[in-house]
Amino acid sequence: MVSVTVEPDRLVGAVGAVKGAGFDHLSDIFGIDYLDYPGHRDKRFTVAYNLYAIEAGARLFLRVDLDEGTELPTITGLWRGADFMEREVYDMFGIVFGGHPNLRKLLTPEDLEGHPHRKDFPLGETPTLFNEGRFLDPASFRAGMMGRDKGLTGWAGGARKGVRSGRGATGGDEA
């Protein structure tokens, strides 16, 4: 898959040119936080635009690298569907899209401070109460998902009993 990096001030022109060249579907807009990423020495964030040319069957990623506090221009004038995608990136990463018609949180409560997909977002260790009256203990849940012990999920790595793993059997798995 082809990936092209553009400067923030050239984004709208690049997206318009790519759209005019036949990339007629905006599949996704997503953010990446490279904070503490091993070996990464460039800007902290990347916003990637996943574009697809339906007739040609070709995909292109336009990437914009930016530091915290850098504002990106909105592309809602080119694709109305970018509205929710930009709002999601704003909500999860705190990246502001200048000129957006309705830039507000989409997935988290308005009073939540911070942005959950940033690597420096503090992860809470508060048990979650479900409607049935059971609690989810974060430490036990995480231990089960990491395969260290069965935790609350009952999963300790590999495929569950009676399920064939797509990667093949691992120690103790039944086929």
Normalised per residue, the volume inside the convex hull of the alpha-carbon atoms of region 50-119 in Å³ amounts to 111
Taking Lys and Arg as +1 and Asp and Glu as -1, residues besides Gly69 with C-beta under 12 Å from its C-beta add up to -1
Here the residues of region 5-46 lying in the modelled label zone of Leu60, meaning backbone nitrogen under 14 Å from a point 7 Å along Cα-to-Cβ, are 5-7, 11-27
For Asp36, placing the label point 7 angstrom along Cα-to-beta-carbon and taking region 90-118, residues whose amide nitrogen sits under 16 Å are 115-118
When all Cα-Cα pair distances of region 2-98 are considered, the percent exceeding 20 Å is 33
On the accessible surface of region 2-98, probed at 1.4 Å with all protein chains in place, carbon and sulfur together account for a percent value of 51
Bridge orientation stat for region 1-96 from DSSP, antiparallel percent rounded to 5, came to 80
Rounded to one decimal in nm, the spacing of the 7 Å Cα→Cβ label points at Ala17 and Tyr52 is 2.5
Net charge (Lys, Arg +1; Asp, Glu -1) of residues whose beta-carbon lies under 14 Å from that of Pro101, Pro101 excluded, is +1
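The values are calculated or read from the model by the stated rules, or taken from the named source; none is laboratory data. Just so you know, these numbers come straight off a predicted model, no measurement behind them. Neighbour counts run over all protein chains shown; Cβ positions are idealised from the backbone, glycine included. These accessible areas exclude ligands, DNA and RNA; they are computed on the full protein's heavy atoms, side chains included. Shrake-Rupley method; radii C 1.70, N 1.55, O 1.52, S 1.80 Å.
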